[in-house]
Amino acid sequence: MFRSLSSKNFRYFISGQAVSLIGTWMQKVAVSWIIYQLTHSAFILGLTMFANLIPSLLLSPYAGSYTDRHNKHKILLITQVLLMLQAGVFTLFVFFKMDNVAIIILLSLIQGIITAFDTTARQSLLVEMIEHKEDLSNAIALNSSMANLTRILGPAVGGVLLSTLGNTACFFINFISYFFVIFSLVMMKLNLPKIEKNGESIWAALKEGYDYIKGLPDFSSLILLMAGYSLFVIPFSTLLPIFAKDIFKGDAATFSWFESAAGIGALLGTAYIAGLKPNKNMLRVVLFSSMIFSLGVLLLSSSLNLHVALFFTMVTGLGMMSQTSATNTYLQTHVSDKMRGRVISYFIMSYQGVIPIGSLLIGFLASFFGAKITVIVEGVIGLSCSLIFLYYKKRVRKTVSYSV
């Protein structure tokens, strides 16, 4: 389960990222809580997430083409420095009480622009950190496990700091945490392949990536499934502050419990993916994980007890992260190296890029129909997307030699 940690560069990477992501999750919790305290609006919550993630939709394909043509390690180092500076500015605004909804949304947008390039470069560089390429799927799963462990710790610590030391502590710790990941990147010794530029424009390279994905039914169907879930199902998390504060009459600590419950489920999901044998049918894992995710969302919406709601929030985390990890693993282990950045960028676009539109939509619907009814609809749509994916795969299997 931990075989990819035998690679020294990957150990540097995952340790630095672990510290940094704890700070990132603490800041996310603080941002959501501040926004809801200021506005008590589900729509503004969705708008804030929209601003943070919409750059992934608009810029990811370009970032993928750019990454395939430049040094991925340098790109990652630069983006981490920029993210540290953004966290520092956020800290100053909160400390001097200059934060308001407009400033928070603007800083969230800036973070999203940087992250669009950071995520593509980080995912593309992962294969270069692994000494034995057969360990790539394990490295992807361990990377996801680390991210979800920090998703548990970050909101939990963030909730405590919010209720004791206040908002500024969350932002300042996030700023400090970037020193660790920058140090880990500097310590890496990578033998990156020489990048050959053939004079092709970055836009032509972008179209080449699109044509490559379009020509592979497994790739295109996975990306479309991911886009459907990102638009209609994953944004249920936008409404968690409402479940915590209004439905279950809680506070910041209650909200952190929901985030941590989702993180525990996600950690279990990625641990499952990490333990899979290399020849496991990932398309089948994607399908079943998607259904578990949708059922968890449906059951969360009908929960009358806080502990039951937290349990089904954990189920949603398990299904969601198993789905995304399995999708990422399948794409990374089947893609051509020269197309890696572009394929990953389309995956990021369908995942992180579509979420902001979904968050805006879900926040809008919740403001009219209420959080519970909106989450019920999300679960039903998720199950429908999974059934469409199953039907499509069966139809393709009859005409081409692909299997579910």
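Brief remarks on what is shown
- Within the range 6-18, residues that are free of Cβ contacts under 8 Å to residues at least 24 places away in the same chain have Cβ atoms under 8 Å from residues that are part of a helix (DSSP H, G or I) in these pairs: Arg11/Leu5, counting only partners at least 6 apart in sequence or on another chain.
- Selection count where residues are outside any helix (DSSP H, G or I) and without any contact (Cβ under 8 Å) to a residue 60 or more places away in the chain, scope the range 270-317: 6
- In the range 123-175, the residues that are basic (Lys, Arg) and touching a residue at least 60 places away in the same chain (Cβ under 8 Å): Arg151
- Residues satisfying the stated conditions in the range 106-142, i.e. of a type outside the set (A, V, I, L, M, F, W, C), open to solvent by 50 Å² or more (accessible area, probe 1.4 Å) and more than 20 Å from Val181 (Cβ to Cβ): Glu131, His132, Lys133, Glu134
To keep it simple, each residue is scored yes or no on (1) open to solvent by 30 Å² or more (accessible area, probe 1.4 Å); (2) closer than 18 Å to Gly358 by Cα.
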site: Phe43; (1), (2): yes, yes
site: Leu57; (1), (2): yes, yes
site: Pro61; (1), (2): no, no
site: Gly64; (1), (2): no, no
site: Asn71; (1), (2): yes, no
site: Met84; (1), (2): no, no
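Each row is one residue, and each column tells you yes or no for (1) in contact with an Asp or Glu (Cβ under 8 Å, 6 or more places away or on another chain); (2) farther than 17 Å from Leu240 by Cα.
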{"position": "Arg3", "(1), (2)": "yes, yes"}
{"position": "Ser7", "(1), (2)": "yes, yes"}
{"position": "Arg11", "(1), (2)": "no, yes"}
{"position": "Ser15", "(1), (2)": "no, yes"}
{"position": "Ala18", "(1), (2)": "no, yes"}
{"position": "Ser32", "(1), (2)": "no, no"}
{"position": "Thr39", "(1), (2)": "no, no"}
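- Met320 falls short on exactly one of the conditions (1) surrounded by fewer than 24 Cβ atoms within 10 Å (Cβ to Cβ); (2) at pLDDT 85 or above, and that condition is (1).
- Options Val375, Val343; residue that is closer than 19 Å to Leu45 by Cα, open to solvent by less than 10 Å² (accessible area, probe 1.4 Å) and aliphatic (A, V, I, L, M): Val375
- Scanning the range 232-274 for residues that are farther than 18 Å from Ala326 by Cβ and either surrounded by fewer than 21 Cβ atoms within 10 Å (Cβ to Cβ) or acidic (Asp, Glu) (or both) returns Lys245, Asp246, Ile247, Phe248, Lys249, Gly250, Asp251, Ala253, Thr254, Glu259, Ile264.
The values are calculated or read from the model by the stated rules, or taken from the named source; none is laboratory data. Please read all numbers here as calculations on a predicted model, not as lab measurements. Note: ideal-geometry Cβ built from the backbone for every residue, glycine included; neighbour counts use all protein chains shown. We work out accessible area using only protein heavy atoms, side chains counted, and drop any ligands, DNA or RNA first. Shrake-Rupley method; radii C 1.70, N 1.55, O 1.52, S 1.80 Å.
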